[in-house]
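Step one of this worksheet: look at the structure below.
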Amino acid sequence: MTGTALLFLVLGLGLIGWIAGRARAAAFVRSAKNGPRGTVNSLPYYHGWFVAICAIAPALVFMFIWQSISPALVTNMVLSAPAAADLPQEGFARAAILSEARAIAQGFQTAAFQDESEKLVPLYKGALSYYKWIGVAATLLLLFAGGAYAFTRIKPDFRARSKVERVVMFGLLVASLIAILTTLGIFASLIFESWRFFSMVSPFEFLFGAEWNPKSVVTPGADNGYGAIPLFWGTIFIGAIIAMIVAIPLGLMSAIFLTQYASATVRKWMKPILEILAGVPTVVYGYFAALTVAPAVRDFAVMLGVSNAASDNALAAGIVMGVMIIPLVSSMSDDSIAAVPNAMRDGSLAMGATKSETIKQVLLPAALPGVVGGVLLAVSRAIGETMIVVMAAGYTANLTANPFATITTVTVQIVALLTGDQDFGSPHTLAAFALGLALFVTTFFLNYVALRVVKKYREAYE
Amino acid sequence: MSEAIMDPTPTDWNGKIMQKRIARRYAAERRFKVMGFLAVTLSTLFLAFLLFTMLGQGLRGFQRTEIAVDFDFPALTSGTTAAAISGPNADAALNSMDIPGIVELAISQQYGEISEGLLTSGAAGNVRQMLMDNPGLVTSQQQLWLPVDSRLDVAFKRDGERAAEQTVAALAQKDALRTGFNWTFLTGADATDPSAVGIWAAFKGSLMTMAITLMLAFPVGVLAALYLEEYATKNKLTDMIEVSINNLAAVPSIIFGLLGLAVFLTVFGMPRSSALVGGLTLALMTMPVIVIAGRNAVKSVPPSIREAALGIGASPVQVVFHHVLPLALPGILTGTIIGMARALGETAPLLMIGMRAFIPAAPEGFTDATTALPVQIYLWSDEVNQGFIEKTSAAIIVLLIFLLGMNALAIYLRNRFETRW
């Protein structure tokens, strides 16, 4: 019986519990109307939910716990068998054999690469099915015990509703806590793997080294090619400079035109069209940048007389990324301009200023904090963007300000480092997490500042 | 006070200097307006250019070039009867027929020395399917149209290699080539030969991933939105939840991929590049979007509804689940669809959890190794073979149609069900 089948069985039995509980409570309601016993506290379906929850919840919690502890139990059982005695004692080889044998026994893998794991497969199969049936039996036992207990509790004066509502409130709280859990999970996994990385490569080299050429075997103290400065520079150059040179004027001017000049009809049609730009998947932008924009930029560079223009140049990636960001800048500017009190604009117009003078000298200065907040959000979006740079910018680290050269970014290198063999013991793989940590901290900081600025500014005019 | 205010001579608005100044100011006004117009036009033109480029290249991806091959089945199969390859044993009978050999023989008899490499690798499979569908073919002489090799396909549609061009010219003279609709592209899976690839496997993988994402992100997102808007008291924990959600909504997607790799694959040991792990990772990414949209929708339900329900004796939970949630649902659904559209186009997190392998078959279950539509686009875009360019663009067209459809549905829902209180 697979986990999915067991899950459906549990849910099905819960449904039966729901029906049974509801029917029993409904019977009370009927007899309460005729007899002298007074009214029933809760509606019948609350009793149904009470039974269903009492039956399902413990079973599900047990299934979840069992899912996480049973692999260890299975491994213990396999290791205690005599056939496992001649396994290599060295940790890594041992773990590799065990995980391969497990994968074959579970059917994820068909053939073994190591002879030792072949022998362990039947052992694993036995242990897996042994513990699986224990798990199934215990789950069903818990389910029936919980259901029966709840069923006996159903009485006319039983406060089923408040019990069920308490569970609902608990469920709501748990759902909100998942957000915190995710943040913590991101933080913990990045910190943990980065810490392992920095125990091999010095943080000083990572943060201040100017040469990125990662070696898979590191020697402590020496230069191992893990200097991330070229990556940071490339990320800033493409995401925060080139992309913003495209996105800020276009986005800001679009917002000004659509809110201040365009007629209602034009606005109604143009706004969704701009939104489409934000809805196009980044992989499509990346393909477009690599296939169409990059060759055009290179031809342009050759025309200008730049001889060493690369086909995977930074400019193409930056331009396309800027276009992707336009709607974000535009809608944030739109919001902040709309938040400026009308009195300020009317005052300026009444003094005889033209529309553009009003916009340039009154509206924009007043809306500046909001616009800056929007630009910060846009920068954070751009430096975390992956597919455009993976497809259009290059893989070679290059500390240059030449937009026609190949420049790599943090996200490109994360993808490059995690391609192929992933080995959580090698600095190659772990470096990706260190880069991820740097990216996460930077975007977190940018978002925090941006939201702060926008919020402060909104309050100023409220 | 100052001299200027006391100055008795009024400004001469009709004077030359002032008129010039006004003309200059009006010119600046016009320039500014034109700049704004250009900004909007430029953005729109870029979008149009992108879409037309994709359409121009991609439409060819839905077509394939076919070549006429004469099959003298009675001679080639030494007299197999229609009855032998129909009925319940058809599969085994067809397997024992050596169809690739038959196809090779037929094409070398007809085209002689140029027959080498004319057909795509999947051609034998096509013949097999035709015989399966219509066993009667096997007793007669037939002319079948089979898809050609990708080099010839490229050469027939536009410019290809010189050798392929010559072959195509020779074949076209014999009237042996035609253009047909590429059904394989809609029903097939990834392959090494671009004329035999299809997107069904990737599409199915995307659907399964989205199913997991929706099943997890929607309930959690809605419940969290209800809790934060309706019940949460202002305290440290609530603040932390809010900061987390706002931050998660802006975390780069690749970070979620790293989380999926470190937690779901390494700690929990879930199967690599499966729809299950992909769905879980994307659910974490989509959930904050749904929470934020859900909170706005819940917030827009007027308090009078809640007070009326409380007034006739509903409990706080009943108020929310019987009254507030149904009224907020259209807004929540709009946000959910937009979040799901974003997840459908997402590539980077899926690459992190290993969805970049060559997988030549559609996934059967949620734990099978699979690929997704955007990942497939990325993988094809990396291929050197010229034939993949049009396939990549064609896959992009399919993806864009789905995304635009989802966004249009969201807009429709918003317009149709949104209530102005």
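Just so it is clear, none of the values below were taken in a lab; they were calculated from the coordinates. The shown structure was predicted, so the numbers you read here are calculated from the model rather than taken from an experiment. For neighbour counting, all protein chains shown are included, and Cβ atoms are generated from backbone atoms with ideal geometry for every residue, glycine included.
Which whole number in µm²/s is D for chain A by Stokes-Einstein, with the Kirkwood Rh taken over Cα pairs at 37 °C and 0.692 mPa s?
For these conditions, the coefficient is 117 µm²/s.
At a temperature of 20 °C and a viscosity of 1.002 mPa s, determine how fast chain B diffuses translationally according to Stokes-Einstein, using the Kirkwood radius over alpha-carbon pairs as Rh; express D in µm²/s, rounded to the nearest whole number.
Diffusion coefficient, whole number: 80 µm²/s.
Evaluate E = 1/(1 + (r/R0)^6) for A:Val302 and B:Thr11, where r is the Cβ-Cβ distance and R0 equals 56 Å; express this FRET efficiency to the nearest 0.05.
With R0 = 56 Å, the Cβ-Cβ based efficiency is 0.50.
Name the residues whose placed amide hydrogens come within less than 5 Å of the amide hydrogen of B:Asp98, ignoring near sequence neighbours (fewer than 5 apart) on the same chain.
HN-HN under 5 Å from B:Asp98: empty list.
For an R0 of 45 angstrom, estimate the FRET efficiency from the Cβ-Cβ distance between A:Arg94 and A:Ala210 and round to the nearest 0.05.
0.65
Please list the non-local residues whose amide H lies under 5 Å from the amide H of A:Tyr226, H modeled 1.01 Å from N, same-chain partners needing a gap of 5 or more.
Excluding prolines and chain starts, which carry no amide H, the hits are A:Asn213.
Points 7 angstrom from Cα along the Cβ direction at A:Lys268 and B:Leu59: gap in nanometres?
3.1
Taking every Cα atom in the stretch B:200-417, find the radius of gyration and the maximum pairwise distance Dmax, and write them in Å.
Expressed in Å, the Cα Rg and Dmax of the stretch B:200-417 come to 19.7, 71.
If we count every other residue with Cβ under 14 angstrom of A:Val74's Cβ, Lys/Arg +1 and Asp/Glu -1, where does the sum land? Working shown, then result.
On the way: positive: A:Arg102, A:Lys125, A:Lys132; negative: none.
Net charge in that neighbourhood comes out at +3.
Semi-axes of the equivalent ellipsoid for the stretch A:229-461, please: Cα gyration tensor eigenvalues, times 5, square-rooted, ordered largest first, whole Å.
Rounded to whole Å, the semi-axes are 37, 21, 15.
Treating only the Cβ atoms of Lys and Arg (+1) and Asp and Glu (-1) as charged, compute the dipole magnitude of the stretch B:10-116 about its Cα centre; round to the nearest 20 debye.
2380
Summing +1 for each Lys or Arg and -1 for each Asp or Glu, what net charge is found among the other residues whose Cβ lies under 13 Å from the Cβ of A:Tyr131?
Taking every Cβ under 13 Å from that of A:Tyr131, the sum is +3.
Taking the Cα-to-Cβ direction at B:Ser300 and at A:Arg458 and moving 7 Å from each Cα, how far apart do the two end points lie in nm?
Result: 1.5 nm between the two label points.
Computed from the mean reciprocal separation of all distinct C-alpha pairs, what Kirkwood hydrodynamic radius does the stretch B:306-421 have, in Å?
17.7 Å is the Kirkwood radius here.
Could you give the angle, 0 to 90 degrees to the nearest 10, between helix B:325-344's Cα long axis and the longest principal axis of the Cα atoms of chain B?
So the helix axis and the longest Cα principal axis differ by about 50 degrees.
Within the P(r) computed for the stretch A:333-462, what percentage of the Cα pairs occupies the region above 24 Å?
51
Please find the FRET efficiency linking A:Lys119 to A:Ser80, where r is the Cβ-Cβ separation and R0 is fixed at 22 Å, and quote it to the nearest 0.05.
Plugging the Cβ-Cβ distance into 1/(1 + (r/R0)^6) gives 0.90.
When 1/r is averaged over all different Cα pairs and the result inverted, which Kirkwood radius in Å belongs to the protein assembly as shown? It would help to have the intermediate numbers written out before the result.
Values: mean 1/r = 0.0313 Å⁻¹.
Computed over Cα pairs of the protein assembly as shown, the Kirkwood hydrodynamic radius comes out at 31.9 Å.
With each pseudo-label sitting 7 Å past Cα toward Cβ, what's the A:Leu7-B:Glu29 distance in nm, one decimal?
Modelled inter-label distance: 6.5 nm.
Over all residues in B:132-145, what is the mean tally of Cβ atoms on other chains that come within 10 Å of each residue's Cβ? Write out the running numbers ahead of the final one.
Working: counts 0, 0, 0, 0, 0, 0, 0, 0, 0, 0, 0, 0, 0, 0.
Per residue, the average neighbour count from other chains is 0.
Would you calculate a helix-derived [θ] at 222 nm for chain A, using -39,500 (n - 2.57) for each DSSP H run of n ≥ 4 and dividing by the full residue count, to the nearest 500?
For chain A, the value works out to -24500 deg cm²/dmol.
Which ³J(HN,Hα) values in Hz, rounded to whole numbers, follow from the phi angles of the stretch B:284-289 under the Karplus curve 6.51 cos²θ - 1.76 cosθ + 1.60, where θ = phi - 60° and Gly and Pro get x?
Taking θ as phi minus 60°, the curve returns 4, 6, 7, 3, x, 4 Hz for the stretch B:284-289.
Using Cα atoms only, what is the angle between the long axis of helix B:99-111 and the major principal axis of chain B, expressed in degrees (0 to 90) to the nearest 10?
Relative to chain B, helix B:99-111 is tipped by roughly 80 degrees.
Averaging over every viewing direction, what projected area does the convex hull of the Cα atoms of the stretch A:3-158 cover, in nm²?
Seen from a random direction, the Cα hull of the stretch A:3-158 projects 10.6 nm² on average.
Give me the angle, in degrees from 0 to 90, between the Cα long axis of helix A:160-198 and the longest principal axis of the Cα atoms of chain A, rounded to the nearest 10.
Compared with the principal axis, the helix lies near 50 degrees.
So how much slack lies between B:Ala357 and B:Ser96, counting 0.36 nm per residue of separation and subtracting their Cα-Cα distance, in nm?
90.8 nm
Which ³J(HN,Hα) values, rounded to whole Hz and listed in residue order, are derived for the stretch B:24-33 from phi using the Karplus coefficients 6.51, -1.76 and 1.60 in 6.51 cos²θ - 1.76 cosθ + 1.60 with θ = phi - 60°, glycine and proline given as x?
Once rounded to whole Hz, the list reads 5, 5, 5, 5, 4, 4, 5, 4, 4, 5.
Counting Lys and Arg as +1 and Asp and Glu as -1, each charge on the Cβ, what is the dipole of the stretch B:200-417 about the Cα centre in debye, to the nearest 20?
Approximately 320 debye in magnitude.
In the neighborhood of B:Ala201, defined by Cβ-to-Cβ distances under 13 Å, what is the net charge if each Lys or Arg adds +1 and each Asp or Glu adds -1?
Around B:Ala201, the charge tally is -2.
Please name which of B:Val263, B:Ala372, B:Ala408 has its Cα lying farthest along the dipole of chain B towards the positive end, using unit charges on Cβ (Lys, Arg +1; Asp, Glu -1) and the Cα centre as origin.
B:Ala408
Where nothing but the Cβ of Lys and Arg (+1) and of Asp and Glu (-1) is charged, how large is the charge dipole of chain B around its Cα centre, in debye to the nearest 20? Present the calculation step by step, with values, prior to reporting the outcome.
Details: 30 positive and 33 negative charges, 460 e Å.
Computed about the Cα centre, the dipole is about 2200 debye.
Can you tell which of B:Thr11, B:Ala84, B:Leu146 lies farthest toward the positive end of the dipole of the stretch B:1-159, using +1 and -1 charges on the Cβ of basic and acidic side chains (Lys, Arg; Asp, Glu)?
Sorting the options by dipole projection puts first B:Thr11.
Order of A:401-408, A:383-390, A:137-144 by packing, highest average Cβ count within 10 Å first?
Packing order, densest peptide first, comes out as A:383-390, A:401-408, A:137-144.
Report the residue, chosen from B:Ile305, B:Ile17, B:Ile332, that carries the largest GNM mean-square fluctuation when chain B is represented by alpha-carbon nodes joined by springs under 10 Å.
Looking only at B:Ile305, B:Ile17, B:Ile332, the biggest GNM fluctuation is shown by B:Ile17.
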